[in-house]
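Below is one structure; the comments refer to it alone.
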Amino acid sequence: MKRLLQAYPLWIADPMFSIWSPSDELNGGDTMFWTRKTRKTFGLVRWHGRVYSFMGKLSGTDALMQESVSVTAYTTDYEFSCPEFRLKVSFVSPLTPDDLEILSCPVCYTQYEIIPKDGKIAEDFSISVVLDEGYCYEEADTVTGGVIPMNGYEAAYFSRNRNLVMSSSNDGYAADWGDTYIAGEVAWFIPTSSLNKFLEEGVTEYKHTDFERHYIMAVNRSAKGYFMTAFDDRISIFYFGEWLKGYFFKDGRTVLDALDFSREKHDAILKKLCDFDKQFKKDCDRIGKGYYLLACAAFRQSVGAHKLVENKKGEILFLSKECNSNGCIGTADITYPSMPLFLLYNPELVKGMLRGIFDFARMPIWEYDFAPHDIGTYPYCCGQVYGLDWSENKYNCGNTGGKGNAMFTHPMLYQRPAACKVYNYDYQMPVEECGNMIVATAAACVASGDFAIAEDNFDLLEKWVVYLEKFGLKPENQLCTDDFAGHLANNVNLAIKAIVGIESFGLLCEKMDRGDAEKYYALAADYAKQLREMTGEGIMPLAYGQKDTYSLKYNILFDKLFGFDLFGDEMCEKEVDYYIAKNNRYGVPLDTRKSYTKSDWILWCAGLTSDAVKAEKLYAPILTYMAESPSRVAFGDWYDTETGKIEHFYNRTVQGGILVPLLKRSGIMKVK
């Protein structure tokens, strides 16, 4: 059977509930959380006294033969068989960008259909889904649980006994709190001995024990139906003093309401997902061969690495977790690469990504005249944690609890006065984040047709464009989002970002009838001319003066999408041709220094060419990487183009950048 992905998404709700299969066959190994930590899940069919498994490996069962696997925008679909029947199973994550109620409802479906080969359902037939207690904690603990009778179905739940909400913000941790649910026709909270009795005799019973592992299980006897899984984190986000529940729960609804909502709206939700996917596939097929699979691999992951909440002002916040990086929340240089997906399907979500940076930038502790990098570590928005000063003095010595960025608990940095000076300038990203915030704001406003967020924050945007005017054309030796091979002065791609940022500010001024539009348009054009003079007529180097080097110049993209074309088609085509010539088996390296790359930036570069064949030559190696990488993780964006091994970074929302070709084709960003 042909492998499609590194790992297959099953139930994806948010950064704290994300279940994947890293196996070619769903019943060939254990399922996992996005961190790669095992979360055992079993799918079982009982038929004429024999128990078959379709998900997970469980002693005492026979594995069904997997015949196929496929993915769509919202589903991962399997087919299995044995001599007695065929089984179709579909794992559905309703992460609809254009419907915030469905998007924020933390319930996933497992659809199934049993097709008997003799046309008759066995008398003792049942199908069940079982979740191991490992769902409840990161480190072993006792669990508690039970069953709730609902309207025509039952829901079993379990959680850690010592359930301390939001007790950790470590990047590599799942939620060590909250409640996990499985719902079906009948549900159980049972120990190992009871599960074994079910496997052996088909009998399910509750038996209290303190010394066995526990499970929750839903059992259906209908030949066609579905199960529901859900995660209730109780509280989702700390936002500068506000404790926020998920958007679905903002008006007092509970997880039981979420289950009822998902059951009552089941048919309508599935139709909505199906209708979207049909159009999505048509649009993707117009881009090129294999692009639909690539876009589907990115879609659920990118949406699901965010959490949707609403603040006390009634504004939506769509907050990313910088998964497998350092766990930061609301990171500006995560918003920037991910935004193509959301500009296309709901630009209000991009505004929800930006608001936290704007809010924090107004707080006294942030003294800089450039934009912040982040607003905390997920799920705590308590002030930027990237680049905290680790000084041997009594004011800063306890900033991080260690020199890393991932923490278990947080100091409330946003409350501190400016005099604390908690940040180390050498670890800031001044040009990077100013450019990110201005370009993203302009893009969100253009896509939505509403410029209110730019009006409300014009003073900050103006301060940041002045920074770009002063330092953008020849950036200092400073961090950027691609600093993996070290800091770099005179970074040409970073200078391009500054130029496009200045251009984007001019666009905002024009659309809001501010008087400085022509000034900033002229400045951007002048800087672009100077940059070309400093880089020469050939391939633009990694940094000014560095001959025989290159880097992916993805930051040109929004100059093209907006229609300004300061850098010109001829130059863009020349760059793309060069990248294609540099392709390894799994893609074009990020720059001259190393053989690794970033998949999101490759697709940004594919947006620089008007030739569909060239674009396909850039993205096609990523499909090979997904099918062959030895790193069986959620879709990783930073990997080696020669070995296919993950360098770092997986399950990150940046893969929303994979949708650049669709955004470009839509034409919604064009203003000139």
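The values are calculated or read from the model by the stated rules, or taken from the named source; none is laboratory data. Keep in mind the model is a prediction, meaning the values are calculated, not measured. Using ideal geometry, Cβ is built from the backbone for each residue, glycine included, and neighbour counts are taken over all protein chains shown. These area figures cover heavy atoms from the full protein model, side chains too; ligands, DNA and RNA do not enter into them. Shrake-Rupley method; radii C 1.70, N 1.55, O 1.52, S 1.80 Å.
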Given the pairs Lys497/Lys574; Lys321/Lys664; Lys497/Lys664, which are separated by over 22 angstrom at their Cα positions? Lys321/Lys664
Rounded to a whole number, what % of the accessible area of the chain do carbon and sulfur atoms account for, probe 1.4 Å? 48 percent
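Measure up Lys470/Lys614; Lys470/Lys529; Lys529/Lys670 against 26 Å on the Cα-Cα distance and list the ones that go over.
Check vs 26 Å cut-off fails for Lys470/Lys614.
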Quick check: pseudo-label points 7 Å beyond the Cα along Cα→Cβ at Lys519 and Cys420, how many nm apart are they? 3.5 nm
Charges only on Cβ, +1 for Lys and Arg, -1 for Asp and Glu: so what's the dipole of the chain about the Cα centre, in debye to the nearest 20? 700 debye
Quote the charge dipole size of region 416-543 about the Cα centre in Debye, to the nearest 20; the model charges only the Cβ of Lys and Arg (+1) and of Asp and Glu (-1). 280 debye
Please list, or write none, the lysines whose alpha carbon is within less than 17 Å of the alpha carbon of Lys312, excluding same-chain residues fewer than 8 places away. Lys245, Lys250, Lys351
Rank Gly667, Phe80, Ile375 by how far each Cα sits towards the positive end of the charge dipole of the chain (+1 on Lys, Arg Cβ; -1 on Asp, Glu Cβ) and give me just the farthest. Phe80
Sorting Ala155, Leu508, Gly43 by the position of each Cα along the dipole of the chain (Lys, Arg +1; Asp, Glu -1; all at Cβ), the one nearest the positive end of that ordering is Gly43
Mind pulling the angle between the C-alpha long axis of helix 332-345 and the longest principal axis of the chain? Nearest 10 degrees, somewhere in 0 to 90. 70 degrees
One finds the C-alpha centres of region 433-512 and region 1-70 to be spaced, in Å, by 44 Å
Excluding same-chain residues fewer than 8 positions from Lys394, which lysines have a Cα within less than 21 Å of its Cα? Lys403, Lys421
Tell me whether region 1-156 comes out rounded, prolate or oblate; compute the Cα gyration tensor, take square roots of the eigenvalues as a ≥ b ≥ c, and use a/c under 1.5 as the rounded threshold. rounded
On C-alpha positions alone, give me the angle between the axis of helix 430-448 and the longest principal axis of the chain, in degrees, nearest 10. 70 degrees
Determine the distance separating the Cα centre of region 322-340 from the Cα centre of region 578-650; give it in Å without decimals. 19 Å
Excluding same-chain residues fewer than 8 positions from Lys519, which aspartates and glutamates have a Cα within less than 15 Å of its Cα? Glu462, Glu469, Glu503, Glu510
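For the peptides 86-92, 657-663, what is the packing order when you average, over each peptide's residues, the other Cβ atoms within 10 Å and list the highest mean first?
Output ranking for 86-92, 657-663: 657-663, 86-92.
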Assign unit charges at the C-beta atoms only (+1 for Lys and Arg, -1 for Asp and Glu), then state the dipole size of region 50-93 relative to its Cα centre in Debye, rounded to the nearest 20. 100 debye
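Return one whole number: the accessible area per residue of the chain in Å², for a 1.4 Å probe.
35 Å²
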Nearest 10 degrees, 0 to 90: helix 255-264 Cα axis against the chain principal axis: 80 degrees
Inter-part gap, Cα centre of region 111-186 to Cα centre of region 227-248, in whole angstrom, is 18 Å
Do you know the relative contact order of the chain, to the nearest whole percent, from alpha carbon pairs under 8 angstrom that are 6+ apart? 12 percent
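First check a/c for the chain, with a ≥ b ≥ c the square roots of the eigenvalues of its C-alpha gyration tensor; if it is under 1.5, answer rounded, and if not, answer prolate when a/b is larger than b/c or oblate otherwise. Write down the numbers at each step before the final one.
On the way: a/c = 2.06, a/b = 1.59, b/c = 1.30.
It is prolate, given that a/c is not under 1.5 and a/b is the larger ratio.
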For every other residue with a beta carbon closer than 14 angstrom to the beta carbon of Phe358, add +1 if it is Lys or Arg and -1 if Asp or Glu, then tell me the sum. -3
Could you sort 286-298, 258-270, 7-19 so that the peptide with the highest average Cβ count within 10 Å comes first and the rest follow in order? 7-19, 286-298, 258-270
Quick note, region 193-305: a/c under 1.5 would make it rounded; otherwise a/b > b/c is prolate and the rest oblate (a ≥ b ≥ c, C-alpha gyration tensor); here it is oblate
Summing Lys, Arg as +1 and Asp, Glu as -1, what charge do residues with Cβ under 14 Å from the Cβ of Gly60 carry, Gly60 excluded? +1
Please name which of Tyr425, Ser59, Phe299 has its Cα lying farthest along the dipole of the chain towards the positive end, using unit charges on Cβ (Lys, Arg +1; Asp, Glu -1) and the Cα centre as origin. Ser59
Length added when fully stretched, Lys394-Tyr206, from 0.36 nm per residue minus Cα-Cα: 62.1 nm
